[in-house]
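Each value in this text was obtained by applying a stated rule to the coordinates, not by laboratory testing. Only a predicted model underlies this, so the values are computations on that prediction, with no experimental measurement involved. Every residue, glycine among them, receives a Cβ derived from its backbone with ideal geometry; neighbour counts consider all protein chains shown.
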Amino acid sequence: MASSCPSRKLLLLGKPLCTVLKPNSSSKIQRSFISTFTYKYLLEPSATVSKSEVSRRYCSSSSPLQDAPAPIDYRSLLQEDEYHRLANATIHDLLDKLEEYGDSVDIDGFDVDYGNEVLTLKLGSWGTYVINKQTPNRQIWMSSPVSGPSRFDWDQNSQGWVYRRTKANLVKVLEQELEKLCGSAINLS
């Protein structure tokens, strides 16, 4: 039986969610929000909760996220034209050096391709590397068959692309992984 009353519709939709989203001791944020909003509003259709009350209670709870760093606006760190200059130079330099490297190693299925601003390095049965620009984030992204996906930001101090989680340099990561996979050292610097 459907009702045209918005509160009734929320009540009908909210009941199954309440069984799944019951507050528990492991989540202060969830407990605060669910106890304030869901139980008061969804389970009691006659009750009204203002947006400010939900916001006030939700935001005033202690949260494990309060100590998290503020998000970085990467666009403010590197201007777009400078980003393109640096990223293009890096990717084209990698392309040239990887093509030379391919001539010096004997690997079935070794192929380097560049198109649509995506550098692809195929190593046959050992996997494929994909390196491309991510302009909105001012990053170079790499997918590696060894280390998985990584996002590299330009680091002014080291004058290189650095993965912020591990402080690893894009060029050094590629050198180490390719040497392990192919059995031959490569200098991409």
Handout entry: Additional length obtainable on full extension of the chain from GLN176 to THR128, 0.36 nm per residue less Cα span
Key = 15.7 nm
Handout entry: Separation in nanometres of the label points that stand 7 Å from Cα toward Cβ, at SER104 and ASP81
Key = 3.7 nm
Practice task
Taking 7 Å along the Cα-to-C-beta vector as the label spot, tell me the THR135-ARG151 distance in nanometres, rounded to one decimal.
Solution key: 1.8 nm
Problem - Environment charge of TYR129, counting only residues whose C-beta is closer than 14 Å and scoring Lys/Arg +1, Asp/Glu -1 - result: -3
Exercise for the section: Please work out how much length the chain gains when fully extended from ASP96 to THR120, using 0.36 nm per residue of separation minus the C-alpha to C-alpha distance, in nm with one decimal. Expected result: 7.4 nm
Handout entry: Rounded, prolate or oblate (a/c below 1.5 giving rounded, otherwise prolate when a/b exceeds b/c) for the stretch 74-182 by Cα gyration tensor
Key = prolate
